[in-house]
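Bear in mind that the values in this text are calculations on the coordinates, not laboratory data. Remember, it's a predicted structure, so these values are computed and weren't measured experimentally. Note that we place each Cβ from the backbone using ideal geometry, even for glycine, and neighbour counts take in every protein chain shown.
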């Protein structure tokens, strides 16, 4: 009984601390962050001032470049990423990709392969990476498990819950697949929390 109670207390304390993330190097005050992805990064459904990268910039006190292309698939993102990395020279990549693969039913395997390739491309340039997992549309909305697997394999933090929570709440959406201003703020706050817990800011 005592052993059970100790285990219960330990589990409760762990849950209270929130999820753990791989530790990251602290970003200098002058570091540039690249938010890269599709319409969820672009901010479709709201104005540029309410898009999650803009809100994130204010929350973490670092420049955040918004590089989202509505409708882009993960394969197209992988082709675009090298040029954007050359141009922006970020210290951190916040990657949110895969949603259009799911909407077009291109298969999880392709999205997983391309997201993993994008993470590796950044890491080869000594750029830190954070992944925002995109949920698949349908009943019981949730992101595919490959995001977490990539995070574990390549040792990068994954924000795996916020988009599922936002896109499951009609009050936080502008349409079926995009957040509204408050929804994007929730995204930014979740990424900021992750970065703080991982030690990046």
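Put simply, when 109-120, 49-60, 92-103 are sorted by average Cβ atoms within 10 angstrom per residue, most first, you get 92-103, 49-60, 109-120. For the pair residue 125 and residue 58, the difference between a 0.36 nm per residue extended length and the Cα-Cα distance amounts to 21.5 nm. The label point for residue 193 and the one for residue 48, both projected 7 Å from the Cα toward the Cβ, are 3.0 nm apart. Restricting attention to the chain, close to 10% of DSSP beta bridges with both partner residues there are antiparallel. For the chain, the mean residue ellipticity at 222 nm estimated from helices alone is -14500 deg cm²/dmol, where every DSSP H run of n ≥ 4 contributes -39500 (n - 2.57) and the total is divided by all residues, rounded to the nearest 500. Sorting 41, 46, 161 from the fewest to the most surrounding beta carbons within 10 angstrom yields 161, 46, 41. Taking a point 7 angstrom from the Cα of residue 171 along the C-beta vector, which residues in region 20-58 have backbone N less than 20 Å away? From region 20-58, the list is 46. Among 147, 184, the ranking by other beta carbons within 10 Å of each residue's beta carbon, starting with the fewest, stands as 147, 184.
The value of relative contact order for the chain, using C-alpha pairs under 8 Å at least six residues apart, is 25 percent.
Ordered by the number of other Cβ atoms lying within 10 Å of each residue's own Cβ, fewest first, 39, 126, 74 fall into the sequence 126, 39, 74.
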